[in-house]
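Enquirer: The structure's right below; bear with me while I get my questions together.
The values are calculated or read from the model by the stated rules, or taken from the named source; none is laboratory data. Keep in mind the model is a prediction, meaning the values are calculated, not measured. Using ideal geometry, Cβ is built from the backbone for each residue, glycine included, and neighbour counts are taken over all protein chains shown.
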């Protein structure tokens, strides 16, 4: 019965207003504009240009998302028939003709920025996400966390349907080459740093891409990516161990954000015949021998809903992480670098570190 209830929660969540690819240029001055470049391996199907088909040819573009004046921190206010005064809307979606032009566009963008701001913030969306939803979530992260840098979304061909889990898992494997190429393009274009934010099944895609890079060159993931945050990763723990084993050098700063109250991952684990996934790991002992940082945000999870977006939807957590230097210190494996987080519990078991955050931490700050 609990499994049935979880399935119903997922279906009900998916039935809420979902945005299409409609572009509203006249809404550009209504809310806060967030520019986002994108690389997409979504092919055109019977619906929008960036649909659910898998395309071996990567498409590139420059988009702009308008965040409404009444925006609530942590939320993505979306609707199919959007009102720019109340909802996120696309105000631009301009194709970039090819990979060379994409690199050239980014090169000009980085060159026009101060040296310290030339970082690329790459967002890899998760399961059951359409093209526009991925851009909206990326824009919300950039705005709410006040992150400087160039936002670049990687849009892989999720079917955007709650019952298409197997399709999305196969799409993850399909999309590895495109993400690897995007990371190479960002470095070639002059990014001084590459920061990968990967959510849910997007974390699985990211780890598979790092593994693929390491097979070609053992140190490539660490050379190409400076920091990585896996948020609510939908990855089998044994598979994650296997991925790490094959990667000799991970990005310098690397952290996994987990929540025991993630109901979506609980359902994913049940349907896969597993006890839990990496993103809702029950005990640090399961990963205690790994040289990684686990950030437990269970206490910030909203008791209503699936609890699968806690890191980017909790206003308290966003306030805590709003400073990029604080994020980098938390991602670092050096516990002394986390002093700025005030009162919290830090547990060390063998080589793994668990940082357990609670609302008391925010009040303490």
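Enquirer: Can you say whether residue 207 is within 27 Å of residue 310 (Cα to Cα), modelled with pLDDT of 95 or more and crowded, with 24+ Cβ neighbours inside 10 Å, as far as the supplied structure shows?
Expert: So residue 207 passes the test.
Matching residues to (1) within 21 Å of the chain's Cα centre (by Cα); (2) in a loop (DSSP other than H, G, I, E, B):
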residue	(1), (2)
60	yes, no
66	yes, no
75	yes, yes
78	yes, yes
84	no, yes
100	no, no
103	no, no
109	no, no
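Enquirer: Is it the case that residue 151 is surrounded by fewer than 24 Cβ atoms within 10 Å (Cβ to Cβ) and within 14 Å of residue 197 (Cα to Cα)?
Expert: yes
Enquirer: Buried (at least 18 other Cβ atoms within 10 Å of the Cβ) and touching a helix residue (DSSP H, G or I) at 6+ places or on another chain (Cβ under 8 Å): does that describe residue 261? Break it down stepwise before answering.
Expert: Numbers: buried (at least 18 other Cβ atoms within 10 Å of the Cβ): yes; touching a helix residue (DSSP H, G or I) at 6+ places or on another chain (Cβ under 8 Å): yes.
Yes; evaluated as a whole, the condition is true for this residue.
Condition check ((1) assigned to a loop (DSSP other than H, G, I, E, B); (2) farther than 20 Å from residue 61 by Cα; (3) without any contact (Cβ under 8 Å) to a residue 40 or more places away in the chain) across all residues:
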site	(1), (2), (3)
179	no, no, no
183	no, no, no
187	no, no, yes
206	no, yes, no
221	no, yes, yes
229	no, yes, no
234	yes, yes, no
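Enquirer: Within region 154-183, how many residues are touching a strand residue (DSSP E or B) at 6+ places or on another chain (Cβ under 7 Å) and buried (at least 19 other Cβ atoms within 10 Å of the Cβ)?
Expert: So the answer is 10.
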